[in-house]
Amino acid sequence: MPVNKEAYTQLNEQLRLSKITLVAVSKTKPVEEILELYNLGHRDFGENYVQELAEKAKQLPNDIRWHYIGHLQTNKVKQIVPFVYLIHGVDSLKLLKEIDKQAEKNNRVIDCLLQVHIAQEETKFGFGEEEVLSFKPGEYSHVKVKGLMGMASFTEDMSKVRTEFKYLHTLFKKLKTEYPQIEILSMGMSSDYKIAIEEKSNMVRIGSLIFGERNYQK
Ligand SMILES: *Cc1c(COP(=O)(O)O)cnc(C)c1O
């Protein structure tokens, strides 16, 4: 399925006007399709598998801002640290420490978001409220925590989704009051980004709306 340029252009324009960052989620999609968007001027792309990301990054222009949006295993951190732009899914302090360590080896300071567990499903990774609110960004020299990321429950019940986003925004505001470096709230995907924006997301991660349905689930 080709890239839906019309959907992209419309979405991009709308988000640009509201100063919301659009991360085009290109997982499972070929480099040719990423280049199509790149040639329209797009630079923020999201991937959620380390191997796939590392391979694509090698083949594509180096001014792309690569967002790592998946669950990251500590033993794979070093593969993306040399070039990744923003890691969205930091879900444990152990992982954050490993990113800090690898970033130091690479002479980089890496921007990260803490993933917050907002959905009711057991399977979603992330920090709980208390851990988020007691978090001290200053303890890491080579990691800069810039905000929060969350995924709502996978459900048709949009009032539930809205409640979860509202909750994440509340945590975001609290943390931001204490630490001005907290400025990114990454929430919203193809199915729920409109609600996420109404609940004050400023970064959305959108795949299928732009690239079409994925052939296999990743
Ligand atoms: C795949 C993925 C998305 C994008 O999903 P779409 O429904 O295709 O927009 C967003 N965020 C994360 C964490 C993902 O894994």
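The values are calculated or read from the model by the stated rules, or taken from the named source; none is laboratory data. For clarity, every value in this text was computed on a predicted model and none was experimentally measured. Cβ sites come from the backbone with ideal geometry, for glycine too, and all protein chains shown count toward neighbours.
Things worth noting here:
- Val84 at pLDDT 95 or above, touching a helix residue (DSSP H, G or I) at 6+ places or on another chain (Cβ under 6 Å) and of a type outside the set (Phe, Trp, Tyr): no
- Close pairs from segment 48-61: first aliphatic (A, V, I, L, M), partner in a loop (DSSP other than H, G, I, E, B) and away from the ligand (no atom under 13 Å from the Cβ), Cβ under 6 Å, at least 6 apart: Ala57/Phe83
- Qualifying residues in segment 170-217 (those that are under 17 Å from Val145 (Cα atoms) and charged (D, E, K, R)) - the one nearest to the ligand (Cβ to nearest atom): Glu183
- No other residue among Asp111, Asp91 is more than 16 Å from the ligand (Cβ to nearest atom) and either within 16 Å of the chain's Cα centre (by Cα) or in contact (Cβ under 8 Å) with a residue 40 or more places away in the chain (or both) apart from Asp111.
- Which listed residue, of Ile34, Ile99, is of a type outside the set (S, T, N, Q), within 21 Å of His117 (Cβ to Cβ) and in a helix (DSSP H, G or I): Ile99
- In segment 2-26, residue nearest to the chain's Cα centre (by Cα) [restricted to those that are hydroxyl-bearing (Ser, Thr, Tyr) and in a helix (DSSP H, G or I)]: Tyr8
- Sole residue being assigned to a loop (DSSP other than H, G, I, E, B) and either of a type in the set (Lys, Arg) or more than 13 Å from the ligand (Cβ to nearest atom) (or both), chosen from Lys76, Lys29, Lys58: Lys29
- Residues within segment 150-169 that are within 15 Å of the ligand (Cβ to nearest atom), surrounded by 14 or more Cβ atoms within 10 Å (Cβ to Cβ) and without any contact (Cβ under 8 Å) to a residue 12 or more places away in the chain, tallied: 1
For every residue, the table says whether it meets (1) touching a helix residue (DSSP H, G or I) at 6+ places or on another chain (Cβ under 9 Å); (2) within 19 Å of Thr21 (Cβ to Cβ).
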residue: Gly138; (1), (2): no, no
residue: Val145; (1), (2): yes, yes
residue: Met158; (1), (2): yes, no
residue: Phe165; (1), (2): yes, yes
residue: Ile197; (1), (2): yes, yes
residue: Ser201; (1), (2): yes, yes
residue: Gly207; (1), (2): no, yes
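- Selection count where residues are without any contact (Cβ under 8 Å) to a residue 40 or more places away in the chain and away from the ligand (no atom under 15 Å from the Cβ), scope segment 131-149: 6
- Pair list, Cβ < 7 Å and 6+ apart or interchain, from segment 191-204 residues that are more than 23 Å from Tyr68 (Cβ to Cβ) to residues that are in a helix (DSSP H, G or I) and within 14 Å of the ligand (Cβ to nearest atom): Ile195/Val161; Ile195/Phe165; Glu199/Phe165
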